[in-house]
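To keep things clear, I will list the structure first and then write my remarks on it.
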Amino acid sequence: MKKYDVVIIGSGVSSLTSAAILSKKGYSVCVLEQHTKPGGYMHCFSRFGERFDTGAHYVGALDRGQPFHTLLTYLNAYDPSVFVPLDPTGFDVFRFPEFEIQFPKGYAQVINVLTERFPTEALAIQSFFSEIQTAVQCFPTYEFSDETIDQISVMRAIETPLSVVVQRLTKNADLQAVLYSYCTLHGVIPSDAPFGLHAIMMDSIIRGPYGFAKGGDAFTETLVRAIQKNGGEVHLRKRVNRIEIENGNAKAVHAADGGRYEGKWVLSGCHPKHTFQLVDRQEVFSPAFRERMKNIKETVGIFGIYGLSSQTHSFNPLKNYYYFSNQGIENAFNFGSPNSKPSAAFLCPASRTLSAGAEKFPFSLHAASPMGWFSDWRDSSFGKRPDDYRQQKEVFAEQVFKFVGEYHPHFRESLSKYVTSSPVTNLHYNGSEEGSSYGIYHSIQNTGARALGPRTHVPNLLITGQSTLFPGILGAAVAGLRTAGHIVGIKPILKELKEIKLANGC
Amino acid sequence: MNNEKVVAKVNDVMRRGFEIPADKLIPSATLFEDLGLDSLDAVDMLVHLEENIGVKVDGEQIMKVRTLQDIYTLVENLAAEPGAHIKLDI
Ligand SMILES: Cc1cc2nc3c(=O)[nH]c(=O)nc-3n(C[C@H](O)[C@H](O)[C@H](O)COP(=O)(O)OP(=O)(O)OC[C@H]3O[C@@H](n4cnc5c(N)ncnc54)[C@H](O)[C@@H]3O)c2cc1C
């Protein structure tokens, strides 16, 4: 039997990033993925002759020398044809009941647009974005600096709630709502959200927003190719059902088909709760830890609609569309019933290369929804779920259409076909317990000293993934970097990353 | 003189959360050397304590904790804060 330096469970962006770094450093790695395709939330699927993305709509910090570009370059996984720059004059459209605002690329441009809309708030706007830019500087795994961390700035950035910063600067409710919009990308309400986390998300998006030219699958392929070129292995259809423990250490990983993979290290990019359940000797965890895992809050589940409209409704393929009700983001993740309108939705063109006169418009549309609405069907099999499940999905889909229809009057009638997904679908694809979109709830309470990973109570079992650092593709990639750094030493990697960044003029 | 209810509550949390025998739970016991916890356990302890007494503990304060006595003092101070609602029932 072959033994590896590192056996990696799951093939989400975080796992693949760790695998690419470790294999680049000469470690033998073996990635085990349960599905027929690698990538986790990067999965695409085809319907109605169109390709749809699930969790890859856009990413930030991808201009030359910016953090994501630097990291991918370091991994030998940067392929410019995989990405497409979004509309620099307005890539994110935020629609509120009474007004609309579009974020153009670049800090100066965003500040201009906001100041034009909120002239009396010029100082607040200026200060907010300058605080964002200052906050991101203190994160070495984002800014790629190998200097000693200024712990006090880091603590301040992650222990200050977003709402405290915003409310200190402005009392204007509309402006506050705009500055909170990206909470939908991490699923944490402003009073719980660490300012530093929100800052990284905003900074990356404002500086270098890109869509996926050929879907998330193509991005995954670049990572897999890099790993394989380094001699690493990626195995599909390997559902891990046990982490074997010997003398308190992880000895091997078992797959459902009987395969056993020994590793000096075991690294898991699956949801932490799932990872810890795989450990075959639960007594390595204290009752306090088990209790903590049971109680740890999850981010919201998500509902997806993947459809084809016979009209473009003047949607621009190089923009993303956010819709908000007047309910306020603080209440966006409190749910009524599936028969009530969502308070926020996100629409993304499924193709970034639609021609101007196109006669059909493929899109994905997402709104938060709790697992509770669908938990009756939690244990039913994917592809064989009963009719009442489909009916329940229909009920909420109609509410989402109604909501978006308030902004695009003929939206519902223009739909020729669509399919839907629910938190139960997420559970099937990613093993995230509540079908959560962004893993554990990244509140101040679950961040910093209280964050999970990369170390665990099993010394040679490490975890990575969006639950360990911050969510999103960039967050997962940076989590992968940090976890690999735990094995090979983070400082030398940060030094190399810094050199790439500097060489690219940043 | 320690508040007896606080001592009983903290000891109960430690005993149940970390399966530490009652006779080891003496005020001078150091968390790492005597009680065998490590830095990851310390975070679990913080969260476990917070959930059990119903109060958030400042991360910086917990960093300074070395012995069981330090935890008693920490919880006593929290309990003495105006408006504090600490759950001390076992
Ligand atoms: C609807 C939606 C839209 C999103 N849009 C964006 C976006 O536009 N931009 C952005 O930056 N982020 C977006 N995100 C978030 C982003 O997709 C995720 O943060 C990121 O992909 C998570 O990566 P990960 O490595 O943590 O794990 P995951 O992608 O969750 O991967 C985990 C992997 O582990 C595998 N696995 C689980 N259990 C086992 C097992 N027992 N054995 C073997 N394999 C196993 C799973 O099959 C999966 O492949 C979106 C998320 C959602 C849900």
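The values are calculated or read from the model by the stated rules, or taken from the named source; none is laboratory data. What you see is a predicted model, and the numbers here were worked out from it, not measured in a lab. Don't worry about glycine lacking a Cβ; one is built from the backbone with ideal geometry, like all the others, and counts go over all protein chains shown.
Key figures
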item: Residues being buried (at least 24 other Cβ atoms within 10 Å of the Cβ) and either under 11 Å from the mean Cα position of the chain (by Cα) or over 20 Å from A:Gly60 (Cβ atoms) (or both) - total across the range A:480-491; result: 2
item: Enumerated helices (runs of 4 or more DSSP H) restricted to the range B:22-90, each holding at least 3 residues that are facing chain A (nearest Cβ under 9 Å); result: B:39-53, B:59-63
item: Qualifying positions in the range B:1-21 - facing chain A (nearest Cβ under 10 Å) and part of a loop (DSSP other than H, G, I, E, B); result: B:Glu19, B:Ile20
item: Selected residue (only one of A:Arg390, A:Arg450, A:Arg412 is more than 15 Å from the ligand (Cβ to nearest atom), farther than 25 Å from A:Val224 by Cα, of a type in the set (Lys, Arg) and within 14 Å of chain B (Cβ to nearest Cβ)); result: A:Arg450
item: Subset of the range A:264-293 (residues that are in contact (Cβ under 8 Å) with a residue 60 or more places away in the chain, within 14 Å of the ligand (Cβ to nearest atom) and not in a helix (DSSP H, G or I)); result: A:Val266, A:Leu267, A:Ser268, A:Gly269, A:Cys270, A:His271, A:Val279
item: Qualifying residues in the range A:9-34 (those that are more than 21 Å from the chain's Cα centre (by Cα) and among the charged types (D, E, K, R)) - the one surrounded by the most Cβ atoms within 10 Å (Cβ to Cβ); result: A:Lys24
item: Residue list for the range A:86-123, restricted to those being in a strand (DSSP E or B) and of a type in the set (Asp, Glu); result: A:Asp92, A:Glu100
item: Residue list for the range A:310-335, filter: at pLDDT below 90 and either over 24 Å from the mean Cα position of the chain (by Cα) or within 16 Å of the ligand (Cβ to nearest atom) (or both); result: A:Gln311, A:Thr312, A:His313, A:Ser314, A:Asn326, A:Gln327, A:Ala332, A:Phe333
item: Of all residues making up the range A:275-299, the number that are at pLDDT 95 or above, more than 17 Å from A:Asn460 (Cβ to Cβ) and away from every other protein chain (no Cβ under 14 Å); result: 1
item: The listed residue being surrounded by 20 or more Cβ atoms within 10 Å (Cβ to Cβ) and more than 26 Å from A:Lys105 (Cα to Cα), out of A:Phe363, A:Phe396; result: A:Phe396
item: Residue count, the range A:366-378 (criterion: assigned to a loop (DSSP other than H, G, I, E, B) and surrounded by 23 or more Cβ atoms within 10 Å (Cβ to Cβ)); result: 2
item: Breaking point among (1) more than 14 Å from every other protein chain (Cβ to nearest Cβ); (2) within 16 Å of the ligand (Cβ to nearest atom), for A:Pro338; result: (2)
item: Among residues of the range A:1-35, those that are more than 10 Å from the ligand (Cβ to nearest atom) and over 16 Å from A:Lys251 (Cα atoms), counted; result: 9
item: Exclusive hit being touching a strand residue (DSSP E or B) at 6+ places or on another chain (Cβ under 9 Å), in a loop (DSSP other than H, G, I, E, B) and either over 22 Å from B:Asp41 (Cα atoms) or without any contact (Cβ under 8 Å) to a residue 60 or more places away in the chain (or both), set A:Phe315, A:Phe303; result: A:Phe315
